[in-house]
Amino acid sequence: MASLNRQKNEQSGFGASVESRRHARRWVRAEQRVVVVVFLLATLISVLATVGIIYTLLRESYGFFQVVSAWEFITGTRWAPLFEPQAFGVLPLIAGTLLAAGIAGIVALTLGLGAAIYLSEYAPDRVRRIIKPVLEVLAGIPTVVYGFFALSFVTPLLQSFLPIPVIFNVLSAGIVMGLMIMPMVSTLSEDAMVAVPRPLRDAAYALGATRFEVATKVVVPAALPGIVAAFILALSRAIGETLIVTIAAGATPNLTLNPLESIQTMTAYIVQVSLGETPQGSLVFKTIFAVGLLLFLMTLIMNIVGRWVVRRYTERY
Amino acid sequence: MEHERPPIGSARRTSSIAASITRPRHSSSTTTPNSTSNRSTWRRWRDRFFFVLFFASVAIGILGLAALVIDVMTDGLGALDFSFINSYPSRHAGESGIRAALFGTIWITVGTAAFAIPIGVGTAIFLEEFAPDHWAVRLVQLNISNLAGVPSIIYGILGLALFVQAFALDRSVLAGSLTMTLLVLPIVIIVSQEAIKAVPGEFRDAAFALGANRWQVVKTVVFPQAIPGIMSGIILALSRAVGEAAPMLMISSLVFLTFIPSSPGDRFTVLPVQIFNWVSLPQPGFQAVASAGIIILLAVLLSLNSIAIWIRNRYQTRY
């Protein structure tokens with residue numbers, strides 16, 4: 001405020017001529033016009049980023065689909081672009097991705113929902129203030145660290161009681177990925193539960209309900225849209241996750257539902273090709289754009305659905 | 001709402017109705033059990049059982065975090081010394097260090113900050129203060145929240161095709177910084193918008209009443225008030241950039257670098273990429289080196305986050 005006053009005094013101070021005051025006012029207006037244009041250009045950059053992503057993925061994928069038919073890509077059950085004879089069926093990569101994300105989803109939903117119910121319905125305020133930030137640390141740990149953790153700790157632990165043939169397996173990667181997205185599920189679900197009004201709980205308690213009954217029959221149903229959305233958004237995060245699955249789940253495209261086997265996800269395949277000796281512009285190099293386009297569409301749809309669920313089904317009290 | 005409240009007659013007089021209800025009056029001390037008390041005993045046991053289960057999910061999360069930290073520490077502390085920080089990568093695990101990756105990370109972080117802060121904050125100010133309520137503006141807003149959900153590897157593909165190839169920047173610090181800028185931009189924008197929204201409308205009204213135009217109001221009233229929130233948001237976005245490996249893996253590609261970048265046109269490697277390289281090496285000694293690198297990475301992130309929290313607590317005013 002002080003600087004505003006000072007500026008005014010300098011520009012159109014007492015005794016200043018009408019001419020100079022008009023000049024100052026024109027200057028202020030011109031400055032605003034310039035600033036608005038600059039900020040508008042900054043805003044356009046985020047639009048350009050989206051256009052850039054879609055254009056890049058579509059252009060290179062188009063080149064790929066000139067050679068390999070889209071039908072073969074979507075329905076083929078063998079993925080081997082790097083070996084002879086080449087095969088371009090993406091289903092093994094999709095299966096691997098969904099298997100890893102599915103395991104992560106089960107872990108994250110169980111732990112995340114349990115944690116959210118504890119934090120919102122049981123925990124005293126003091127305990128919640130300590131536990132919440134600790135859990136959120138989990139979301140801030142770099143994924144490469146989780147990958148190392150999966151490979152060096154969780155896999156040997158699983159191997160001690162499960163028949164895991166090779167060190168790479170999707171179970172370990174999925175569990176660790178579940179740990180990573182758990183705070184996302186618990187934070188978003190807890191937000192939805194806290195938003196359920198107090199009188200609804202009190203009414204149930206007045207009817208003699210236990211805390212468990214209030215949580216499962218009143219709070220969770222009322223907060224369900226938020227919980228479902230949290231779960232969808234976390235799954236989308238797991239589908240796009242790269243490092244954990246690249247490090248711990250292996251690099252063998254594998255159409256399987258067995259969590260003890262090594263698989264390859266779409267993201268891990270993209271890393272494999274971009275780190276390899278593949279010449280840019282070749283057909284093999286173009287596969288990463290086709291796989292990337294598929295990944296982009298999958299996560300985009302899940303994100304849109306997740307946000308739509310919140311908007312459409314959230315109860316207003 | 002304490003869970004363990006003694007079920008004496010006083011329970012009926014407690015301020016919290018809920019607490020007394022969870023302890024039914026037909027308690028186990030009743031001498032003549034009937035069907036009602038059996039049922040309420042069962043309900044009470046179920047309540048307790050699930051309390052333990054819900055608490056266990058929190059405990060498992062925290063134990064997982066503890067296991068991760070202990071795992072990294074036991075593997076890595078032995079390899080962590082000054083020569084590790086000051087050496088270049090080597091074929092021999094014992095001589096490997098993170099000097100190149102550490103400086104690469106600093107280059108990328110500074111470069112990302114230089115692009116992402118002005119663009120992100122500018123966008124946030126435009127959307128919150130200047131943009132009219134128009135369908136195109138709502139579309140831009142929707143687009144930004146969608147960008148926040150795009151997998152990081154997709155930004156790697158974009159950076160590779162756009163900055164490395166089309167702009168012919170090669171696998172340089174500049175290409176890496178620009179890629180990372182696009183990745184953290186949605187975070188910077190969204191957090192800055194929240195900070196600007198939190199400035200009360202009365203402040204703006206007061207400035208308008210003094211004859212200020214919109215830009216003067218933003219420059220002298222709104223922006224200074226929003227700076228702490230924007231700052232802590234920027235630091236959180238940058239710590240995301242420091243830890244992000246997937247796009248840098250595609251842009252940097254090279255992980256055996258024995259020099260420090262001296263200009264934005266030089267090649268680079270960053271901490272997560274270097275760690276990924278060590279983790280994927282089969283020779284036994286490199287696991288310890290990878291863990292030592294992780295300790296450094298986590299220490300950098302911890303200090304960044306502490307600064308963000310400190311700024312938030314020190315400067316944020318609640319209205």
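Please work out which residue is farthest from the other protein chains (Cβ to nearest Cβ), limiting yourself to segment A:253-275 and to residues that are in a loop (DSSP other than H, G, I, E, B) and under 21 Å from A:T143 (Cα atoms).
A:P259
Among the candidates A:A42, A:A101, single out the residue that is in a helix (DSSP H, G or I), at pLDDT 95 or above and either farther than 23 Å from B:V184 by Cα or within 14 Å of chain B (Cβ to nearest Cβ) (or both).
Going through A:A42, A:A101 in turn, just one is in a helix (DSSP H, G or I), at pLDDT 95 or above and either farther than 23 Å from B:V184 by Cα or within 14 Å of chain B (Cβ to nearest Cβ) (or both): A:A101.
If you check A:V67, A:V36, A:V107, which single one turns out to be surrounded by fewer than 18 Cβ atoms within 10 Å (Cβ to Cβ), within 14 Å of another protein chain (Cβ to nearest Cβ) and in contact with a helix residue (DSSP H, G or I) (Cβ under 8 Å, 6 or more places away or on another chain)?
The unique qualifying residue is A:V36.
Kindly evaluate B:T123 against the criterion of being touching a residue at least 12 places away in the same chain (Cβ under 8 Å), under 24 Å from the mean Cα position of the chain (by Cα), at the interface with chain A (Cβ under 9 Å from one of its Cβ atoms) and closer than 25 Å to B:I251 by Cβ.
yes
Hey, among A:V176, A:V194, A:V166, A:V219, which residue is facing chain B (nearest Cβ under 10 Å) and hydrophobic (A, V, I, L, M, F, W, C)?
A:V176
Got a number for residues in segment B:180-202 being more than 18 Å from the chain's Cα centre (by Cα) and over 12 Å from B:E129 (Cα atoms)?
Residues flagged as more than 18 Å from the chain's Cα centre (by Cα) and over 12 Å from B:E129 (Cα atoms) within segment B:180-202 amount to 3.
Give the number of residues within segment A:129-143 that are without any contact (Cβ under 8 Å) to a residue 40 or more places away in the chain, over 22 Å from B:A245 (Cβ atoms), within 10 Å of another protein chain (Cβ to nearest Cβ) and of a type outside the set (V, I, T).
Final tally of qualifying residues: 1.
Is at least one residue of segment B:209-216 assigned by TED's automatic domain parsing to the domain that holds B:T123, within 24 Å of A:A268 (Cα to Cα) and in a loop (DSSP other than H, G, I, E, B)?
No, segment B:209-216 contains no residue that is assigned by TED's automatic domain parsing to the domain that holds B:T123, within 24 Å of A:A268 (Cα to Cα) and in a loop (DSSP other than H, G, I, E, B).
Looking at (1) part of a helix (DSSP H, G or I); (2) at the interface with chain A (Cβ under 7 Å from one of its Cβ atoms), which is the one condition that is false for B:A116?
(2)
Being within 22 Å of the chain's Cα centre (by Cα), surrounded by fewer than 17 Cβ atoms within 10 Å (Cβ to Cβ) and under 30 Å from A:G112 (Cα atoms), is that true of even one residue in segment B:95-114?
No: segment B:95-114 contains no residue that is within 22 Å of the chain's Cα centre (by Cα), surrounded by fewer than 17 Cβ atoms within 10 Å (Cβ to Cβ) and under 30 Å from A:G112 (Cα atoms).
Which of the residues spanning segment A:208-253 are surrounded by fewer than 19 Cβ atoms within 10 Å (Cβ to Cβ) and touching a Pro at 6+ places or on another chain (Cβ under 8 Å)?
Residue satisfying the conditions is A:G208 alone.
Which residue pairs have Cβ atoms under 9 Å apart, sit 6 or more places apart or on different chains, and have a first residue in segment A:45-70 that is closer than 15 Å to A:G292 by Cα and a second that is among the polar types (S, T, N, Q) and assigned to a helix (DSSP H, G or I)?
Listed by first residue and then by second, the contacts come to A:T50/B:N143; A:T50/B:N146; A:F64/A:T287.
Return yes when B:R312 is in contact with a strand residue (DSSP E or B) (Cβ under 7 Å, 6 or more places away or on another chain) and either without any contact (Cβ under 8 Å) to a residue 12 or more places away in the chain or more than 8 Å from chain A (Cβ to nearest Cβ) (or both) and no when it is not.
In short, no.
The values are calculated or read from the model by the stated rules, or taken from the named source; none is laboratory data. Source: prediction; values computed, not measured. Counting neighbours? That spans all protein chains shown, and the Cβs are built from the backbone with ideal geometry, glycine included.
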